[in-house]
Amino acid sequence: MATGNADGDCCEQTRYLFPKDRLTSLSKWSEISAKLAAGNLQARPLKLDDHERGYLELLEQLTVVGHVTKAQFVERFNEMARVNEAREHYLVVVIEDLETCKVVGCSTLFLECKFIHECAMRGRLEDVAVLDTHRGRKIGQLVVSLIVELAREAYKCYKITLDCKDELFKFYSKIRFTRACNMLEIRF
Ligand code: 16G
């Protein structure tokens, strides 16, 4: 089983989407978690009860989420957890405000298995959001740094990519992202 148990979180104990030690064993964990702790914040994998802790409302600050019931949330979480049991692919990291027990920041590392580059892994940085009430506290920078380190150190990705609006380029360039190729899409 790739998921782990919550330890020491301020609310009820639930299952993590991926093992928490993927985060805590990173070389930069102490440095990043200390910066978060100074603001009474904690980074951890997504849990089932984050539905009640404002995870979807947080994603609403990024794009349209629509109405997602608890049952739908549980079904999607379990689907991702099952994939992770075979091989970790969905690493949703959240930042919890320990005072309010609400999720105030998040980002996802999605891992893609390739044949190229000697069967390498490619990381995709997805769904970065910081609650408007908590902006200006470097939460975005810290959660993205964790994702980058997960991709680099824990999963040995040969690169990590993201797509974003032009106005966010400055933010990501501070975390070493450079412009590479264009992102194209077909909307269905
Ligand atoms: C941004 C996000 C992407 C998300 C998309 C949603 C980052 C780095 N990028 O591009 O992950 O899926 O917005 O926008 O967070 P959409 O609803 O227009 O697809």
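Please go through the stretch 97-113 and give me each residue that is surrounded by 14 or more Cβ atoms within 10 Å (Cβ to Cβ) and touching a residue at least 40 places away in the same chain (Cβ under 8 Å), ordered by number.
Asp97, Leu98, Cys101, Lys102, Val103, Val104, Gly105, Cys106, Ser107, Leu109, Leu111
Residues in the stretch 118-126: is at least one surrounded by fewer than 16 Cβ atoms within 10 Å (Cβ to Cβ) and under 23 Å from Ile32 (Cβ atoms)?
Within the stretch 118-126, not a single residue is surrounded by fewer than 16 Cβ atoms within 10 Å (Cβ to Cβ) and under 23 Å from Ile32 (Cβ atoms).
Give me a count of the residues in the stretch 134-166 that are over 25 Å from Lys114 (Cα atoms) and within 12 Å of the ligand (Cβ to nearest atom).
Qualifying residue count, the stretch 134-166: 4.
Of the numbered conditions (1) near the ligand (Cβ under 9 Å from one of its atoms); (2) closer than 19 Å to Leu41 by Cβ, Ile175 fails exactly one; give the number of that condition.
Failing condition for Ile175: (1).
Hey, can you tell me all the residues within the stretch 124-133 that are within 15 Å of the ligand (Cβ to nearest atom) and in contact (Cβ under 8 Å) with a residue 60 or more places away in the chain? If you could, list the steps in order and put the result at the bottom.
Initial filter on the stretch 124-133 (within 15 Å of the ligand (Cβ to nearest atom)): 124-131.
The answer is Asp127, Val128, Ala129, Val130, Leu131.
How many of the residues making up the stretch 148-167 are of a type in the set (Lys, Arg), modelled with pLDDT of 95 or more and over 16 Å from the mean Cα position of the chain (by Cα)?
Within the stretch 148-167, the subset of a type in the set (Lys, Arg) is 152, 156, 159, 165.
Checking which are modelled with pLDDT of 95 or more leaves us with 152, 156, 159.
Checking which are over 16 Å from the mean Cα position of the chain (by Cα) leaves us with 156, 159.
Of the residues in the stretch 148-167, 2 are of a type in the set (Lys, Arg), modelled with pLDDT of 95 or more and over 16 Å from the mean Cα position of the chain (by Cα).
Suppose we filter the stretch 78-123 for residues that are away from the ligand (no atom under 16 Å from the Cβ) and more than 24 Å from Gly54 (Cβ to Cβ); how many remain? Spell out how you get there, then give the answer.
Narrowing the stretch 78-123 to residues away from the ligand (no atom under 16 Å from the Cβ): 78-79, 81-88, 96-102, 113-121.
Pick out the ones that are also more than 24 Å from Gly54 (Cβ to Cβ) and you get 82-83, 85-88, 113-121.
Of the residues in the stretch 78-123, 15 are away from the ligand (no atom under 16 Å from the Cβ) and more than 24 Å from Gly54 (Cβ to Cβ).
The rows are residues; the columns are (1) outside any strand (DSSP E or B); (2) more than 18 Å from Arg22 (Cβ to Cβ); (3) out of contact with any Leu (no Cβ under 9 Å at 6 or more places or on another chain).
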{"residue": "Asn78", "(1), (2), (3)": "yes, yes, no"}
{"residue": "Val83", "(1), (2), (3)": "yes, no, yes"}
{"residue": "Leu91", "(1), (2), (3)": "no, no, no"}
{"residue": "Cys106", "(1), (2), (3)": "no, no, no"}
{"residue": "His117", "(1), (2), (3)": "yes, yes, yes"}
{"residue": "Thr133", "(1), (2), (3)": "yes, yes, yes"}
{"residue": "Arg137", "(1), (2), (3)": "yes, yes, no"}
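Please enumerate the residues belonging to the stretch 52-68 that are closer than 19 Å to Arg15 by Cβ and assigned to a loop (DSSP other than H, G, I, E, B).
Matches in the stretch 52-68: Glu52, Arg53, Gly54, Val68.
Among (1) more than 16 Å from the ligand (Cβ to nearest atom); (2) surrounded by 19 or more Cβ atoms within 10 Å (Cβ to Cβ), there is one condition Gly39 misses while meeting the rest; what is its number?
(2)
The values are calculated or read from the model by the stated rules, or taken from the named source; none is laboratory data. Treat the numbers as computed from the prediction; the structure is a model and nothing was measured. A quick note on method: Cβ atoms are made from the backbone with ideal geometry, for glycine too, and the neighbour counts reach across all protein chains shown.
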